[in-house]
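Participant: Questions regarding the structure given below will be posed in turn.
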Amino acid sequence: MDQYERLLLAQRVHYLVDFLGTPVQPFIHPENIYILGEELLIAHRGFMQVIVPYSADEREFFKQYRALILAILHPKYEYEQLIQGNGTLKDTLSKQLQEAKTINEIEQIIGEQIIRQKAKREAETKLVSKKSYLTFKWASLVLLALTLLFATTTGIYVLKKLPAQERVSLAEAQYISNDYASVTKTLKEDTPEELPIGAKYVAAVSSVQLDNLSNEQKTAILNNLSQKSSENTLLYWIYIGKGDFKKSLDIAQNLGDNQYILHAYTKLYDATKANNKMNGEKKQELLTKYEEAIDKYMKILGGKTDDNENQ
């Protein structure tokens, strides 16, 4: 099992959090975990004060959870040694995990590392060379004239899916380099709903980073954004980054998030105000409409100003 596979396994450990605060307490130890297909199973579990292990408090649970993650990533080390957090592990990832204060921080660190490892694997083991790709593409175009069925199956892959995969790989590499503007440019023509979850997350984070928010606001948003976030939450920020604020507003209303709705209306107001090609009467109607909506949601939120208005 390589590092990438271990990271994926570590990410699946998150299901143990569901036991926190319940009468059932799983015995958290590498030797008590079994993999069955795509499932991760716990063999022995405690129950209240009847069967050990007894219910653990959040602090003890967090220490065991973090040590289990580290044990999965570094199987040659003793689990008991990792619980103590004595600084045995010196690599950057382990230090980040050891410095994490919450389970959400650990999940975000693991998610980011999975994206990096995925991009690294794809760069090291290219399945299709540039020359092979071009040969295959032209061969498919020839076969297109011979058989409609083959062209339908192969042509879609060569002309659409493969370039889309390459754009996703490029965007992930740009994200790792913190080149957020290039990420949005690379994925500009892709339909957000059709992007894989990893690419949605990369695009959403890039949009937040490029938005005219304060550093504090960005940090607050990013702390609640992960690959496990709802698809609509990720799509909201992707469409904000694409400048499709009407679509973002529709998604925010579907989510029922008043802060997101307010932010979308503010974006619509600013975009309309800056549009010098719009019919004057229509422009004033829209500005009045958006301003009334902004006032409404500011009152709902208790007088909080929208992100843009804090700039």
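The values are calculated or read from the model by the stated rules, or taken from the named source; none is laboratory data. Remember, it's a predicted structure, so these values are computed and weren't measured experimentally. Ideal geometry is used to build each Cβ from the backbone, glycine not excepted, and the neighbour counts take in all protein chains shown.
Participant: For the range 215-233, what are the residues that are part of a helix (DSSP H, G or I), touching a residue at least 12 places away in the same chain (Cβ under 8 Å) and among the polar types (S, T, N, Q)? Let's see the steps before the verdict.
Facilitator: Of the range 215-233, the ones part of a helix (DSSP H, G or I) are 215-223, 231-233.
Now narrow it down to the ones that are touching a residue at least 12 places away in the same chain (Cβ under 8 Å): 217, 221-223, 231-233.
Those that are part of a helix (DSSP H, G or I), touching a residue at least 12 places away in the same chain (Cβ under 8 Å) and among the polar types (S, T, N, Q): GLN217, ASN223, ASN232, THR233.
Participant: Name the residue, out of ALA71, ALA56, that is modelled with pLDDT of 80 or more, among the aliphatic types (A, V, I, L, M) and assigned by TED's automatic domain parsing to the domain that holds THR22.
Facilitator: Numbers: ALA56 fails: modelled with pLDDT of 80 or more.
Going through ALA71, ALA56 in turn, the sole match is ALA71.
Participant: Something else: Out of all the residues in the range 244-256, is one or more crowded, with 18+ Cβ neighbours inside 10 Å and closer than 30 Å to VAL17 by Cα?
Facilitator: yes
Participant: I've got another one for you. Looking at LYS228, LYS200 in this structure, which one is in the same structural domain as ARG167 (by TED's automatic domain parsing), closer than 20 Å to GLU172 by Cβ, buried (at least 21 other Cβ atoms within 10 Å of the Cβ) and not aromatic (Phe, Trp, Tyr)? Before you say what the answer is, go through the steps one by one.
Facilitator: On the way: LYS228 fails: buried (at least 21 other Cβ atoms within 10 Å of the Cβ).
From the options LYS228, LYS200, the qualifying one is LYS200.
Participant: Which residue pairs have Cβ atoms under 9 Å apart, sit 6 or more places apart or on different chains, and have a first residue in the range 102-117 that is polar (S, T, N, Q) and surrounded by fewer than 19 Cβ atoms within 10 Å (Cβ to Cβ) and a second that is at pLDDT 90 or above and part of a helix (DSSP H, G or I)?
Facilitator: ASN104/ASN223
Participant: Looking at THR125, is it β-branched (Val, Ile, Thr) and at pLDDT below 85?
Facilitator: yes
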